[in-house]
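As structure tokens, the structure follows; a few thoughts come after it.
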Amino acid sequence: MTRGCFITLEGGDGAGKTLQTARLCAALEASGIETLSTREPGGSPGAEEIRHLLVSGPVERWDPLTEAMLHAAARHDHMLRTIEPALGRGLWVVSDRFVDSMIVYQGHGQGADLALLERLTALSLKDFRPDLTVVLDIPVSEGLRRAGGRGGGSRYERMDTGFHERVREGFLARARADGERYAVVDATPNLESVSRAILEIVAARLPVSFNG
Ligand code: TMP
């Protein structure tokens, strides 16, 4: 059994990752590839419980390192219980957020020490990393407007604009530093154009072709 590929979609709040994750999975399935769509924080029963601790409550609820450790614990469970078994069965896994969100939100955004976050990543994931990470990039004001429109108001969406600007810059910096794993897609155009851009990247980097 050939191991599946692991793709993550990343970006600021309101960039459209959730919809694009679903569309990418549908396109892969139409090309004959069995997929698993998942998300972080969450993606396994235990990690979904941890998610609740992270996305609700007052903005100042956690110290940034505590918060990163909660995300890392959730991710470890998600990887062990959901992602690894699916990849081993040959499925392609598409995750709406993964480890880059922790480095960028807790590190660039909230100020946790980046070297500590890299150590936390090494501890929780060893050398497990996505085969491809697509960063959906959108201006902060537009992302927050879209996120507000879906009535969410999660703890993170309530953080200030400066925080969200640092998050945006953090994702772009990581993508610039490793063009092999990352690709950046402009998430401002309509849903179809963004989907098309994502499919082009996936087909160029991974062993799949999409018809039509
Ligand atoms: P979602 O709104 O995309 O479902 O994600 C919930 C929030 O969690 C989102 O605002 C980003 C944040 N987050 C982190 O701060 N660190 C992480 O490691 C992950 C996976 C998400």
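The values are calculated or read from the model by the stated rules, or taken from the named source; none is laboratory data. Just so we're clear, the structure is a prediction, and the values are computed from it rather than from any experiment. Ideal geometry is used to build each Cβ from the backbone, glycine not excepted, and the neighbour counts take in all protein chains shown.
Worth pointing out:
- Answer residue from region 141-158, given it is under 18 Å from GLY107 (Cα atoms) and surrounded by fewer than 19 Cβ atoms within 10 Å (Cβ to Cβ) and is modelled with the highest pLDDT among those: ARG155
- Residue match in region 168-184 (condition: away from the ligand (no atom under 16 Å from the Cβ) and β-branched (Val, Ile, Thr)): yes
- Taken together, the residues in region 36-70 that are in a helix (DSSP H, G or I), under 18 Å from ASP96 (Cα atoms) and among the hydrophobic types (A, V, I, L, M, F, W, C) amount to 6.
- Residue tally, condition closer than 11 Å to GLY11 by Cα and assigned to a strand (DSSP E or B), over region 130-142: 5
- Residues that are in contact with a strand residue (DSSP E or B) (Cβ under 6 Å, 6 or more places away or on another chain) and buried (at least 22 other Cβ atoms within 10 Å of the Cβ) do not occur anywhere in region 42-49.
- For region 33-46, the condition of being of a type outside the set (Val, Ile, Thr), within 16 Å of the ligand (Cβ to nearest atom), touching a residue at least 40 places away in the same chain (Cβ under 8 Å) and out of contact with any helix residue (DSSP H, G or I) (no Cβ under 9 Å at 6 or more places or on another chain) holds for none of the residues.
- For the condition small (Gly, Ala, Ser) and either within 14 Å of the chain's Cα centre (by Cα) or surrounded by 15 or more Cβ atoms within 10 Å (Cβ to Cβ) (or both), ALA68 qualifies.
- Selection from region 59-99 of residues that are within 9 Å of the ligand (Cβ to nearest atom), closer than 26 Å to THR2 by Cα and of a type in the set (D, E, K, R): ARG75, ASP96, ARG97
- Selection status of SER193, at negative phi, within 13 Å of the ligand (Cβ to nearest atom) and surrounded by fewer than 16 Cβ atoms within 10 Å (Cβ to Cβ): no
- When residues of region 7-22 are limited to those that are surrounded by fewer than 19 Cβ atoms within 10 Å (Cβ to Cβ) and touching a residue at least 40 places away in the same chain (Cβ under 8 Å), the one nearest to the ligand (Cβ to nearest atom): THR18
- Of the residues making up region 79-127, those that are assigned to a loop (DSSP other than H, G, I, E, B) and buried (at least 17 other Cβ atoms within 10 Å of the Cβ) are LEU91, ARG97, PHE98, GLN110, ALA112.
- Verdict on ARG145 being more than 21 Å from GLY11 (Cβ to Cβ), of a type outside the set (Asp, Glu) and more than 12 Å from the ligand (Cβ to nearest atom): no
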